[in-house]
Amino acid sequence: VEIDRAKLRRKTLLYMLSSPWTLVPTLGGITAMAAGWGADSGTMIFAGLAALLAGLGVQFTRLMFGARGAMQRAVADMQKESQEATRRQLDDLDRRLLADKDPRTETYLRELRALVEAFRTTPGWPQRLTATSTFDIVSGVEELFAECVRSLEKTLELWHAAARLPSDTARRPLLERREQLIQDGHKSVDHIRRILAIVQGLERQQVATAGK
């Protein structure tokens with residue numbers, strides 16, 4: 001999932017500063033100082049100032065040492081948001097593909113989604129490979145998935161374009177191009193299926209090794 005770095009920095013900073021350990025003493029200190037001024041109480045003002053300084057100290061400590069954990073949380077949240085947006089887009093594409101009255105395109109999309117989800121949720125196999133090999137496989141599958149989705153969008157565009165033309169002769173080149181995209185898509189699905197079989201085999205090896 002592509003990460004918006006500016007948004008990542010904002011989220012990381014927000015998580016670092018929004019801990020209860022930071023907010024409670026800071027807000028409590030401000031409240032106590034305000035109450036102390038209102039009551040003309042030096043003790044309350046001093047206590048409030050101490051709490052405020054404690055909160056600021058926690059903020060400074062988190063800024064110095066808590067960046068890694070906050071960034072990991074921000075990355076996880078952004079990936080979840082991006083995956084949810086992608087899911088909605090694919091659900092919308094699934095509905096729109098009904099227009100072409102060709103069950104192959106919906107089947108193609110649903111098989112593709114199921115295979116990629118199975119690939120993403122097979123966790124142990126990267127431990128059997130180098131980091132570079134793992135990255136190459138993951139990025140390759142994700143790129144192939146994105147290309148397949150773009151091809152499905154294109155088949156729908158071609159179908160709508162052909163439907164607007166007045167004759168079979170005019171429609172034929174568009175429909176032939178659409179058919180080629182569908183056939184290529186099935187080949188891509190088969191390719192992802194083979195990759196999934198490989199990584200699931202690696203996962204079984206990892207489990208077997210761990211059990212020894």
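The values are calculated or read from the model by the stated rules, or taken from the named source; none is laboratory data. Just so it is clear, the structure is predicted and the values come from calculations on it, not from any experiment. Counting neighbours? That spans all protein chains shown, and the Cβs are built from the backbone with ideal geometry, glycine included. Only protein heavy atoms, including side chains, enter the accessible area calculation; ligands, DNA and RNA are left aside. Shrake-Rupley method; radii C 1.70, N 1.55, O 1.52, S 1.80 Å.
Quick notes
- Exposure rank, largest accessible area first [GLU176, GLU106; 1.4 Å]: GLU176, GLU106
- Accessible surface ranking that places the most exposed of ARG95, ARG113 first, with a 1.4 angstrom probe: ARG95, ARG113
- Estimated inter-spin distance, ALA197 and LYS154, nm [label 7 Å along Cα→Cβ]: 2.7
- Computed accessible area, SER139, all protein chains, 1.4 angstrom probe, square angstrom: 40
- Multiplying the residue separation of ASP92 and LEU129 by 0.36 nm and subtracting their alpha-carbon distance yields 9.7 nm.
- With all protein chains kept in place, the per residue accessible area of the stretch 86-162 amounts to 55 square angstrom at a probe of 1.4 angstrom.
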